[in-house]
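Note sheet for the following structure.
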Amino acid sequence: MRYPHDIPSSEITPKSLYLSRRELIAGTAAMLAGTTALTGGSAHAAPLAAAKSPLSTDEPQTRRADAVSYNNFYEFGTDKADPEKNAGSLKTSPWNVKIDGLVEKPGTYAYDDIVKPSGLEERIYRLRCVEAWSMVIPWIGFPLADLLKRVEPKSNAKFVAFETLVRPEEMPGQRGLLQALPWPYVEGLRLDEAMHPLTILAVGMYGETLPNQCGAPIRLVVPWKYGYKSIKSIVRISLVEKQPPTSWSLQNPSEYGFFSNVNPAVDHPRWSQASERRIGEGTGLFQKRRPTLMFNGYAEQVASLYTGMDLRVNH
Ligand code: MTE
């Protein structure tokens, strides 16, 4: 066995040959910006540029430092600080997403086949967690509809199911006797929700690739639904005929429904959903609360998806 310092530099593959296109793009941007590009763990987010979408909110953004240190990603632990601490071990390159079920073009697609740098845009969205806190995050991503159209859903496809990876060797929350959730983390949308222009697959935030704790390298963002619908680190997308199971309703069906639309009029059985605290806006006695808006403020764009449905029953 040879140790790295024994290997002559002539034998070391030039960085440009082993970096994937994703890393090259980020690396080029970083070189132009005069910074160093790294990929991988949470400390290694690389610059990623995209023009701002008109579908963005103009509310003040949550500080990046808060958005990357106060997370829910139970595969890395249940404490809000655990994902930042533990997610560096997740290997996000190479990354493949299996797309299967009721599509004309099923397959296992590499990250670079799915993510077209020219199709990326910045979407500044409110994210409302079911735990009654919220943030405003400048995501970088592209409409999920663009990807679904490319794989051509069949006419009997009615729902889209999503899956996060199971990799206990890299995810401490998937090891040991006491597991917070059944794995893999799974989520689902009705096909019309998945095709809605507000629904995106995000690959970056704050002008950089996603840090691992925020769902690298690719996650869902559905801004009018509680945050748990926005599944992280996706490895599988399946088009199906029947409503698919979702992690939180498997865990506790009486508390979490399939739709999970933000709705200030329907309380969680254990707390009110009428108001929320915006992360970073004062603490303790000075913590402000703001009223929660129907569909998280996106009612004008999405209310018509639910015409005729009782949103108390279909919560
Ligand atoms: N995705 C996976 N795979 N595992 C999780 O535990 N938590 C969800 C969602 N996606 C979760 C997940 C919850 S409860 C929320 S509120 C959001 O991610 C949080 O996203 P953020 O940490 O980027 O704010």
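The values are calculated or read from the model by the stated rules, or taken from the named source; none is laboratory data. Note that the coordinates shown come from a computational prediction; the quantities given were computed from them, not determined experimentally. Glycine also receives a Cβ, built like all others from the backbone with ideal geometry; neighbour counts cover every protein chain displayed.
Assorted remarks:
- Take the conditions (1) under 14 Å from PHE259 (Cα atoms); (2) away from the ligand (no atom under 12 Å from the Cβ); GLY207 misses just one of them, which is (1).
- Residue in segment 283-294 that is within 17 Å of GLY227 (Cα to Cα), modelled with pLDDT of 95 or more, out of contact with any strand residue (DSSP E or B) (no Cβ under 6 Å at 6 or more places or on another chain) and assigned to a helix (DSSP H, G or I) present: yes
- Residue match in segment 150-165 (condition: without any contact (Cβ under 8 Å) to a residue 12 or more places away in the chain and part of a helix (DSSP H, G or I)): no
- Residue match in segment 236-259 (condition: under 25 Å from GLU122 (Cβ atoms), modelled with pLDDT of 95 or more and in a loop (DSSP other than H, G, I, E, B)): no
- Within segment 217-262, if we keep just the residues that are within 11 Å of the ligand (Cβ to nearest atom) and small (Gly, Ala, Ser), the residue that is farthest from TYR109 (Cα to Cα) turns out to be SER260.
- Condition met for SER69 (among the hydroxyl-bearing types (Ser, Thr, Tyr), away from the ligand (no atom under 15 Å from the Cβ) and assigned to a loop (DSSP other than H, G, I, E, B)): no
- Residue match in segment 167-190 (condition: under 15 Å from LEU147 (Cβ atoms), of a type outside the set (Gly, Ala, Ser) and buried (at least 16 other Cβ atoms within 10 Å of the Cβ)): yes
- Taking first residues from segment 177-194 that are part of a loop (DSSP other than H, G, I, E, B) and partners that are within 12 Å of the ligand (Cβ to nearest atom) and β-branched (Val, Ile, Thr), the Cβ contacts under 7 Å between residues at least 6 apart in sequence or on separate chains come to ALA180/THR78; TRP183/VAL166; PRO184/THR164; PRO184/VAL166; TYR185/THR164; TYR185/ILE231.
- The residues of segment 122-149 that are in contact (Cβ under 8 Å) with a residue 60 or more places away in the chain, of a type in the set (Lys, Arg) and over 21 Å from TYR256 (Cβ atoms) amount to a single one, ARG123.
- Count of residues meeting criterion [of a type in the set (D, E, K, R) and without any contact (Cβ under 8 Å) to a residue 60 or more places away in the chain] in segment 110-121: 2
- All of GLU84, GLU59, GLU75 fail the test of being assigned to a loop (DSSP other than H, G, I, E, B), at pLDDT 50 or above, of a type in the set (D, E, K, R) and surrounded by 12 or more Cβ atoms within 10 Å (Cβ to Cβ), apart from GLU59.
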